[in-house]
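The values are calculated or read from the model by the stated rules, or taken from the named source; none is laboratory data. Source: prediction; values computed, not measured. In this analysis, Cβ positions are derived from the backbone assuming ideal geometry, glycine residues included, and neighbour counts consider all displayed protein chains.
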2 protein chains.
Amino acid sequence: MSLKKAVCLLSGGLDSSTCLAYACREGFECYALSFDYGQRHRVELEAAARVAARLGAARHLVFPIDLRLFGGSALTSDTPVPKGRGLAEMTAAIPATYVPARNTIFLSLALAWAEVLGCSDVFIGVNAIDYSGYPDCRPEFIAAFEQMANLATRAGVETGARFRIHTPLAGLSKAGIVKLALELGLDFGLTHSCYDPGPEGAPCGQCDSCILRRKGFEEAGVADPVERR
Amino acid sequence: MSLKKAVCLLSGGLDSSTCLAYACREGFECYALSFDYGQRHRVELEAAARVAARLGAARHLVFPIDLRLFGGSALTSDTPVPKGRGLAEMTAAIPATYVPARNTIFLSLALAWAEVLGCSDVFIGVNAIDYSGYPDCRPEFIAAFEQMANLATRAGVETGARFRIHTPLAGLSKAGIVKLALELGLDFGLTHSCYDPGPEGAPCGQCDSCILRRKGFEEAGVADPVERR
């Protein structure tokens, strides 16, 4: 019997890499999907390729989609990435690094690939604890997307297939994610989380993503091999 | 007072062009959005540009997104486009021209642009009568997308803005769309509907889209200026 296929969204960061490792352990044949969307931290795509290869993904597709054509985010324009913020400040409002409708777009494309591959499982590494402030990481968004997906597709109409959006990190803190990754044997050194890396890809240490990652490793009592030197 | 903005999906076909004309008449400042997605009938993009210009769209954006990377449709691969089918055959199953998750992807991108533009109205020319057989044209799909969109976005969270997906053609037959277009003063000669045009862009006359268009004009008692000569 062939393995059950799944499409796994993979940015190359800690969360999505852990999510992919989880899907692999659950016995899925994983089709990793990354997006070259005009993000300033494009170096994360190299991390995604390393992670997909190491974890034995059946395929890794980097899908080009230039969200700079719309603008509206610090990640895809010249708006500065916020630095040195405390947790309270991070969660007080949706940050400038929010990319309009990004997860909706990414999940829509994952849905298309899943339908072509004939599979009905999609994994995404969103988490709602240590809340990133992004509306499209919340469980109620994921549930609404899943419901819409089942009405959108040939598979849903012809075979009654139910698409399932798996969010194995949804209930975990950043420290919990670090611990899960450790248990799954993920090589942290392959991943990249920083929103505003230096020319060599070194993490800035000061953006929300760096700060949340550091906090997670500290609380888990684990050393981060990609910590800013 | 400035006009209320709307993002209008525009393929350049009869339906989406009528939908755009409708949105303009309703007093919206229209941002027309087309997709260069690897469709074999790429000539429709020239029609979209003509229609957007003639109807006075505030802007016309052709967004490149290569859905051939996934494959799985006669519109984006070498699978032949079905020809000479009767209506019963067309509606018996989802046709080979179905593009997996296409409207989900297109509406997601429309949502992103709407959010950046600060508007909450999106128009799409889907219709459920003279059913095309596409699952992502059905009213229940549109309703589910709308619900998901309100959970996906900054605007939904911060201002409680309600995204509205307008489907003014949803209740119209093809003949009804022709009559509405006539009433709106749409120049039919600008539009393009064929899935499998000849080298000069001439409609094949035999694909589902050509057949449904011809039926609509005949039933409305209107001559189609782009009828195959």
Cβ-Cβ under 8 Å pairs, at least 6 apart or on other chains, segment B:140-161 side of a type in the set (S, T, Y), far side modelled with pLDDT under 75: B:T153/B:A161
statement: Every listed condition ((1) in contact with a strand residue (DSSP E or B) (Cβ under 7 Å, 6 or more places away or on another chain); (2) surrounded by 18 or more Cβ atoms within 10 Å (Cβ to Cβ); (3) away from every other protein chain (no Cβ under 14 Å)) holds for B:V7 save (3)
field: Residues satisfying the stated conditions in segment B:114-133, i.e. facing chain A (nearest Cβ under 9 Å) and surrounded by fewer than 24 Cβ atoms within 10 Å (Cβ to Cβ)
entry: B:V116, B:L117
task: Run B:R54 past the list (1) surrounded by 19 or more Cβ atoms within 10 Å (Cβ to Cβ); (2) in contact (Cβ under 8 Å) with a residue 60 or more places away in the chain; (3) closer than 19 Å to B:V226 by Cα and report the number of the one that doesn't hold.
output: (1)
- prompt: Residue check, B:E140 against (1) within 11 Å of chain A (Cβ to nearest Cβ); (2) buried (at least 18 other Cβ atoms within 10 Å of the Cβ); (3) of a type in the set (D, E), all met but one. Which one?
  reply: (2)
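Every residue, every condition in (1) away from every other protein chain (no Cβ under 14 Å); (2) among the hydrophobic types (A, V, I, L, M, F, W, C); (3) part of a loop (DSSP other than H, G, I, E, B); (4) farther than 21 Å from A:G189 by Cβ, yes or no:
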| position | (1), (2), (3), (4) |
| --- | --- |
| A:C24 | yes, yes, no, no |
| A:A53 | yes, yes, no, no |
| A:F63 | no, yes, no, yes |
| A:L75 | no, yes, yes, yes |
| A:D78 | yes, no, yes, yes |
| A:R85 | yes, no, yes, yes |
| A:T91 | no, no, no, yes |
- prompt: Quick check: is even one residue across segment B:143-160 more than 7 Å from chain A (Cβ to nearest Cβ), in contact with a Lys or Arg (Cβ under 8 Å, 6 or more places away or on another chain) and among the hydroxyl-bearing types (S, T, Y)?
  reply: no
- line: (1) more than 7 Å from chain A (Cβ to nearest Cβ); (2) within 29 Å of B:G176 (Cα to Cα); (3) assigned to a helix (DSSP H, G or I); (4) touching a residue at least 40 places away in the same chain (Cβ under 8 Å) all hold for B:L109 apart from (1)
- request: Say whether the condition of being farther than 22 Å from A:T153 by Cβ and of a type outside the set (S, T, Y) is met by at least one residue in segment B:96-107.
  value: no
- prompt: Tally time: how many residues in segment A:24-51 are more than 13 Å from the chain's Cα centre (by Cα) and either buried (at least 24 other Cβ atoms within 10 Å of the Cβ) or farther than 28 Å from A:R214 by Cβ (or both)?
  reply: 7
message: Quick check on my filter: what residues within segment A:139-180 are more than 17 Å from the chain's Cα centre (by Cα), farther than 17 Å from A:L109 by Cβ and not in a helix (DSSP H, G or I)?
response: A:T159, A:G160, A:A161, A:R162
query: From the set of residues in segment B:95-106 that are in a loop (DSSP other than H, G, I, E, B) and not polar (S, T, N, Q), which is surrounded by the fewest Cβ atoms within 10 Å (Cβ to Cβ)?
result: B:A96
statement: Subset of segment B:40-51, residues closer than 14 Å to B:S77 by Cα and free of Cβ contacts under 8 Å to residues at least 60 places away in the same chain, comes to B:R42
